[in-house]
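The values are calculated or read from the model by the stated rules, or taken from the named source; none is laboratory data. Just so it is clear, the model here is predicted, and its values are computed rather than measured. Here the Cβ positions follow ideal geometry from the backbone for every residue, glycine too, while neighbour counts run over all protein chains shown.
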Amino acid sequence: MEKNSGDTPLVFDDVSATEVVEGFVLSKNEDEQLATLASEKKGGSFVLVKSNQLPILDDFFEYATHINGLLKDEYVVRAKEELKIINARFKDLGSADSSIINNVLSIDRYIVTAEKGAKALTIKHPTMPKKVSPISSLILAMSLVLGGMVGVFFILVRNAITKRKEQLAKA
């Protein structure tokens, strides 16, 4: 399943959460990262990829699918090892605690479902990218309001200074 494509636009520096600046390893800001892990209010998590290049989305999907296969194989091996350890320690499961029995059953269920083709992660194809841009009318309105406030403040301060100078000149 492993595929190495030399023409991929995806490089490690795009995905890395750190960057080296003047010899120091620093964390990247979230808006500087190509991909971040996000979560929904419903409890699900997903990888949010910020790019205007569709091949990068496809590369992320292919990589996640590859990792999913590796994780499934690793988890099945680990679950089988845990099951062997439990069976070795508790020869007679009839006398074992109910929590141990539940643990054995859940591991056994996982092994069976994974060997039948279940995935370790649920991976869906990428969705159509959404254009994210600032609302120009809001920026214009905020600029006018802020500019007006700064202008009024400037005029009030200038008038106060001239009145003060006039009072000092009269005195």
(message) Which residue is farthest from residue 55 (Cα to Cα), if the candidates are limited to the stretch 22-42 and must be assigned to a strand (DSSP E or B) and modelled with pLDDT under 75?
(response) 39
(request) Please verify whether the stretch 97-111 includes one or more residues that are closer than 30 Å to residue 59 by Cα, surrounded by 10 or more Cβ atoms within 10 Å (Cβ to Cβ) and at pLDDT 75 or above. (result) yes
(message) For the stretch 98-121, give me each residue that is over 17 Å from residue 80 (Cβ atoms) and either in contact (Cβ under 8 Å) with a residue 40 or more places away in the chain or in contact with an Asp or Glu (Cβ under 8 Å, 6 or more places away or on another chain) (or both).
(response) 119, 121
(message) One residue is enough: does the stretch 125-134 have a residue meeting the conditions touching a residue at least 40 places away in the same chain (Cβ under 8 Å), part of a helix (DSSP H, G or I), surrounded by 11 or more Cβ atoms within 10 Å (Cβ to Cβ) and not β-branched (Val, Ile, Thr)?
(response) no
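Could you say whether any residue in the stretch 151-171 is assigned by TED's automatic domain parsing to the domain that holds residue 78 and in a loop (DSSP other than H, G, I, E, B)?
For the stretch 151-171, residues assigned by TED's automatic domain parsing to the domain that holds residue 78 and in a loop (DSSP other than H, G, I, E, B): absent.
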